[in-house]
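> Mind having a look at this structure? Questions to follow.
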Amino acid sequence: MSAPLYNRDILSLAVATAEYLPRPEAAYHASLRAPLCGSRILLDLDTDEAGHVQAIGLHVEACALGQASAALLARHAPGRSLDELRAARVAIARWFAGEGVQPDWPGFDLLAPARDYPARQGAILLPFDAAIAAFETEAVQA
């Protein structure tokens, strides 16, 4: 029998998005929506001189799984490059498709029950898609 889709750990992570307030002064921004479930994310991102994530701000309108994924991204993205975020996103998608092992992203084991629910996977990938999209936008000049 698989683990419950929504559990105390997922719900705890979901509310953790409040720790990553929007950062309108950030250099990079993205606003994305998952078409299947309608989840939305506004993500603000700053990088250091080397191009590694320095800080992330979030506004997430998603199910608890999407919010939990956003919290895991915000918590563990600092210090990572665009290439590392892309690799994580690819690994997650492959794992969902049954083509790879569980992604090596801290805390992602908590989202393992969602592998059996394809309709929820877009919400889980959305924060990674938004971070990649933010990186790829033109930096806002102060």
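> Pull out all pairs, ordered by first then second residue, where Cβ-Cβ is under 6 Å, the residues are six or more apart or on different chains, the first lies in segment 25-36 and is within 12 Å of LEU58 (Cα to Cα), and the second is open to solvent by 60 Å² or more (accessible area, probe 1.4 Å) and modelled with pLDDT of 95 or more.
Pairs that qualify, where the first residue is within 12 Å of LEU58 (Cα to Cα) and the partner is open to solvent by 60 Å² or more (accessible area, probe 1.4 Å) and modelled with pLDDT of 95 or more, are SER31/LEU42.
> Considering only segment 113-142, state which residues are open to solvent by 30 Å² or more (accessible area, probe 1.4 Å), among the hydrophobic types (A, V, I, L, M, F, W, C) and more than 26 Å from PRO22 (Cα to Cα).
Passing the criteria: only ALA119.
> Further, regarding this structure: Any residue at all in segment 55-77 that is open to solvent by 30 Å² or more (accessible area, probe 1.4 Å), touching a residue at least 24 places away in the same chain (Cβ under 8 Å) and of a type in the set (Gly, Ala, Ser)?
No, segment 55-77 has no match at all.
> Looking at segment 99-117, I want the residues that are touching a residue at least 40 places away in the same chain (Cβ under 8 Å) and within 22 Å of LEU36 (Cα to Cα) and have a partner that is among the polar types (S, T, N, Q) and not in a loop (DSSP other than H, G, I, E, B) with Cβ atoms under 7 Å, at least 6 apart or on another chain. Which pairs are those?
As it stands, the answer is LEU111/SER69; ALA114/GLN121, since those pairs meet every condition given.
The values are calculated or read from the model by the stated rules, or taken from the named source; none is laboratory data. Note that this is a predicted model, so its numbers are computed, not measured. Glycine gets a Cβ as well: all are built from the backbone with ideal geometry, and neighbour counts include every protein chain shown. Just the protein is used for accessible areas: all its heavy atoms, side chains included, with ligands, DNA and RNA removed. Shrake-Rupley method; radii C 1.70, N 1.55, O 1.52, S 1.80 Å.
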